[in-house]
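Encoded as structure tokens, the structure appears first; notes follow it.
The values are calculated or read from the model by the stated rules, or taken from the named source; none is laboratory data. Being a predicted model, the structure only gives us computed values, none of them experimental. A quick note on method: Cβ atoms are made from the backbone with ideal geometry, for glycine too, and the neighbour counts reach across all protein chains shown. Remember, those area values only see protein heavy atoms, side chains included, never the ligands or the DNA or RNA. Shrake-Rupley method; radii C 1.70, N 1.55, O 1.52, S 1.80 Å.
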Amino acid sequence: MTQRGQSGWRGLVQRLLGTPQTGLVLVILALAAILEAYDWNWKAAEQEFARALELNPGYATAHQWYAHYLLVMGRLEEASL
């Protein structure tokens, strides 16, 4: 990989991370979404959603994505809490 390519990846990762807590939560949410939508690994997806919410319990997007996961799983009562 060229020096220029490496700095491009480095910049992307730094932008994804932003502030340490929010950035990490975004990366974890992305992993959870991949596990849910593409891998159909429901248990692992739920674990990653829980980890994101544990790191930043006030992050509305994490709650929204987890609620969507719960709806897909048919756990409607939990999704509406």
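Consider segment 64-79. How many of its residues are open to solvent by less than 90 Å² (accessible area, probe 1.4 Å) and touching a helix residue (DSSP H, G or I) at 6+ places or on another chain (Cβ under 9 Å)?
First pass over segment 64-79, keeping only residues open to solvent by less than 90 Å² (accessible area, probe 1.4 Å): 66-67, 69-70, 72-75, 78-79.
Now drop any that are not touching a helix residue (DSSP H, G or I) at 6+ places or on another chain (Cβ under 9 Å), which leaves 66-67, 69-70, 72-73, 75, 78-79.
So the answer is 9.
Which condition from (1) within 11 Å of the chain's Cα centre (by Cα); (2) surrounded by 14 or more Cβ atoms within 10 Å (Cβ to Cβ) is the one that THR61 breaks? Going through (1) within 11 Å of the chain's Cα centre (by Cα); (2) surrounded by 14 or more Cβ atoms within 10 Å (Cβ to Cβ) one by one, THR61 breaks only (2). Among the residues of segment 23-47, those that are open to solvent by less than 30 Å² (accessible area, probe 1.4 Å) and either of a type outside the set (Gly, Ala, Ser) or touching a Pro at 6+ places or on another chain (Cβ under 6 Å) (or both) comprise VAL25, ILE28, LEU29, LEU35, GLU36.
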